[in-house]
Amino acid sequence: MSNFLQVLIDGILSGLLYALVAAGLSMIWGVMDVINFAHGEFLMVAMYICYWMGFILGIDPLFTWVAAGIFLFIMGGLTYKWIIKRSLGKAAMAPLLATFGLSMLLKNFCMNRFSPNFRLLSGTILDGKTFEIGGAIVSVPQLVTGVFALVVLAVVYWLIKRTRLGWAIQATAMDKEAAELMGIDTEKIYLLVFGIGGACVGIAGGLMTTYLAVHPEVGSLFSLIAFVVVALGGFGSIPGALFAALLIGLVESFTGFYVAAVLKYVAVFAIYLIVILVRPKGLFGW
């Protein structure tokens, strides 16, 4: 029973992290129908920001996630203004290839400047802290990240559903031309959506620095999982991203423990394929 509870807790905590990483991508994909292939590299940049602020300035990642979120908000906005905006309306693959080029640029720049070495902050406020519940060990850094993920997702959901900006985002996602006729500045909406998407992944990356090592390839797996979460949960749906991420975290955790570690992602992608074949728009798609 303690093993079951341990696997359950690990799956939930992993799922909450996946949800936060995927939330921004879900908004971008749902509103603009654009795949940001550099999403994982945005996560990596956020982790490096918090790592170096911790290593050089001695500021704990529990506080520097704010700086990472702000920096990635700006970076997301600039990515739209300088790259995405110039590629929209051209070949269908242009935005995808443009962000793929950006991902290669960021990854190789960090590899050149910081080397491929794994870097882990030690002596952080939450470093090594755990507590026991029903015989299961809960990692405090992962728990804090999960709680932050829920708070950020709740704020983003409130923003979309309860504010004029959110209504404008939904209108732009449903019909860009009609939204413009109603006086909505869709260019500004796109800019803000990319910024919010960057901020979400920036916060996730900043918090992850409390317990995960940073290296140039750290964002690759999280980027792939984020794509699966968005497609499974539904484009543009925050509740869908949360549900899909929790499902993926639990499937990954239970398959890895009770079946075989090498098969955990096989199970994840099998479920993804089944859902997409039955419901191509995802479980909660707009």
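The values are calculated or read from the model by the stated rules, or taken from the named source; none is laboratory data. Keep in mind that this is a model prediction, so the values were computed, not measured. Cβ sites come from the backbone with ideal geometry, for glycine too, and all protein chains shown count toward neighbours. All accessible areas refer to the heavy atoms of the entire protein, side chains included, with ligands and DNA or RNA removed. Shrake-Rupley method; radii C 1.70, N 1.55, O 1.52, S 1.80 Å.
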### Summary
Given Cβ charges of +1 for Lys and Arg and -1 for Asp and Glu, the option among 6, 137, 30 whose Cα lies farthest towards the positive end of the dipole of the range 1-137 is 30
#### Entry: Accessible area per residue in Å² at 1.4 Å probe, computed on the chain
46
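Go ahead and estimate [θ] at 222 nm for the chain from helices alone: -39,500 (n - 2.57) per DSSP H run with n ≥ 4, summed, over the residue count, rounded to 500.
-24500 deg cm²/dmol
Calculate the tail of P(r) for the range 180-274: the fraction of all Cα-Cα distances greater than 22 Å, expressed in %.
Details: 1935 of 4465 pairs.
The answer is 43 percent, as a whole percent.
Carbon and sulfur atoms: what percent of the 1.4 Å accessible area of the range 195-262 do they account for?
Details: 1460 of 1830 Å².
The value for the range 195-262 is 80 percent carbon and sulfur by accessible area.
Rounded to two decimals, what is the ratio between the C-alpha radius of gyration of the range 127-202 and 2.2 N^0.38 Å? Walk me through the intermediate numbers first.
On the way: Rg = 18.5 Å, N = 76, 2.2 N^0.38 = 11.4 Å.
Dividing the Cα radius of gyration by 2.2 N^0.38 Å gives 1.62.
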#### Entry: the range 1-85, accessible surface, carbon-and-sulfur percent (1.4 angstrom probe)
74
#### Entry: From phi via Karplus (6.51, -1.76, 1.60), per-residue ³J(HN,Hα) for the range 162-171 in Hz, x at Gly/Pro
10, 10, 4, 4, x, 5, 5, 5, 5, 5
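Assigning unit charges at the beta carbon (Lys, Arg +1; Asp, Glu -1) and nothing else, what dipole magnitude in debye, to the nearest 20, does the range 94-244 show about its Cα centre?
220
Ignoring ligands, DNA and RNA, please state the percent of accessible area on the range 122-173 from carbon and sulfur, probe 1.4 Å. Intermediate values should be presented prior to the final figure.
On the way: 1840 of 2840 Å².
Its accessible area is 65 percent carbon and sulfur atoms.
Could you give the alpha-carbon Rg of the chain over 2.2 N^0.38 Å, rounded to two decimals? Provide the component values of the computation, followed by the final result.
On the way: Rg = 18.7 Å, N = 286, 2.2 N^0.38 = 18.9 Å.
Against the empirical 2.2 N^0.38 Å value, I get 0.99 for the chain.
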### Task
Please sort by residue number the trypsin sites (Lys or Arg not before Pro) in the range 1-103 whose DSSP state is loop and whose Cβ has at most 11 other Cβ atoms within 10 Å.
90
### Message
If the elastic network links every pair of Cα atoms under 10 Å, which of 270, 154, 38 fluctuates the most in the Gaussian network model of the chain?
### Response
270
### Task
Please sort by residue number the chymotrypsin sites (Phe, Trp or Tyr not before Pro) in the range 91-146 whose DSSP state is loop and whose Cβ has at most 13 other Cβ atoms within 10 Å.
118
### Query
Mean shadow of the range 58-158, computed from the convex hull of its alpha carbons, in nm²?
10.3
